[in-house]
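In what follows, a single structure is set out as structure tokens and then discussed.
The values are calculated or read from the model by the stated rules, or taken from the named source; none is laboratory data. Predicted model only: the values in this text are computed from it and were never measured. Note that we place each Cβ from the backbone using ideal geometry, even for glycine, and neighbour counts take in every protein chain shown. Please note that ligands, DNA and RNA were not included when accessible areas were found on the heavy atoms of the full protein model with its side chains. Shrake-Rupley method; radii C 1.70, N 1.55, O 1.52, S 1.80 Å.
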Amino acid sequence: DAFNALLKTLEEPPAHVKFIFATTQAHKVPPTILSRCQRFDFRRISIKDIVDSLKAIARKENLKVDDDVLILMAKHSDGSMRDAQVVLDQISSFSDGKISLEGASKILGAVSDDILFNLADSIKSKDAPRALKIIDDLANEGKDIAQIVLYLIEHFRDLSVAKIKKDPFALIDASPEKIKKYQEQAGTFTVEEMLYIVYTLSNTIDFVRKSNMARVPF
């Protein structure tokens, strides 16, 4: 009924009015409405472009920020330049002019690279006690278990790319030093092992989200 009422206004708009509609679910808008509009699709901004913008801001604000920190912020913003700038502003307010990866990870609730590499090593060596200790430490720090699993899935995705592609820089958003670490760790896994791990972790997400004790299925 609301769309039908809107349709009448769109068919005979006042001369002094311009309508701008925004939605993340364009497929739910009736064709009768869409046919009377000019449509513009806005896509997520690339990690590289967000990092370049944050670098320029940091330079003007005399902030010392490593590329890995900026990449973490850009990933956290999920393609939104505004969100990335807000994150940079929030984190810089807690720093004394230098933003560390560890500090940014804590504020964003992210899992550090070292922990992900250690967890992946534990999986490869089938060292269950070590893996359980890492998971327990993360849970005690207040990390969201579902988010940890997603970070680990992304980690193995990047390992897979580093394993398969000779030049993975275009497909992995990370510094050259970190990509080298991916390549080294990827050498200890087969592609089949990594795909199986990603498949298993993806199924685990459903169990984690349905459980009141998320660390148990993990």
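Output the qualifying pairs, or none if there are none: Cβ atoms under 7 angstrom, residues six or more apart or on different chains, first residue in the stretch 1-22 and farther than 15 Å from Gln38 by Cα, second residue of a type in the set (Gly, Ala, Ser) and modelled with pLDDT of 85 or more. Cβ pairs passing all conditions: none. Of everything in the stretch 76-123 that is of a type in the set (S, T, N, Q) and closer than 30 Å to Phe42 by Cβ, the residue that is surrounded by the fewest Cβ atoms within 10 Å (Cβ to Cβ) is Ser93.
For every residue, the table says whether it meets (1) within 30 Å of Ser100 (Cα to Cα); (2) open to solvent by 90 Å² or more (accessible area, probe 1.4 Å); (3) modelled with pLDDT of 90 or more; (4) of a type in the set (Ser, Thr, Tyr).
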position	(1), (2), (3), (4)
Thr9	no, no, no, yes
Pro13	no, no, no, no
Gln25	no, no, no, no
Pro31	no, yes, yes, no
Ile47	yes, no, no, no
Val51	yes, no, yes, no
Lys60	yes, yes, yes, no
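Name the one entry in Leu132, Leu195 that is farther than 25 Å from Met73 by Cα, free of Cβ contacts under 8 Å to residues at least 12 places away in the same chain and out of contact with any strand residue (DSSP E or B) (no Cβ under 7 Å at 6 or more places or on another chain). None of the others qualify; the one that does is Leu132. Of all residues in the stretch 140-157, none that is under 17 Å from Asn118 (Cβ atoms) and charged (D, E, K, R) has its Cβ atom under 6 Å from the Cβ atom of a residue that is open to solvent by 30 Å² or more (accessible area, probe 1.4 Å) and at pLDDT 90 or above, 6 or more apart or on another chain.
Of all residues in the stretch 94-147, those being within 17 Å of Val216 (Cα to Cα) and among the basic types (Lys, Arg) number 3. Residue count for the stretch 155-184 under the criterion of being under 13 Å from Ile71 (Cβ atoms), open to solvent by 70 Å² or more (accessible area, probe 1.4 Å) and acidic (Asp, Glu): the result is 1. Could you please let me know if Ile45 is at negative phi, of a type in the set (Val, Ile, Thr) and part of a helix (DSSP H, G or I)? Spelling it out, it is not the case that Ile45 is at negative phi, of a type in the set (Val, Ile, Thr) and part of a helix (DSSP H, G or I).
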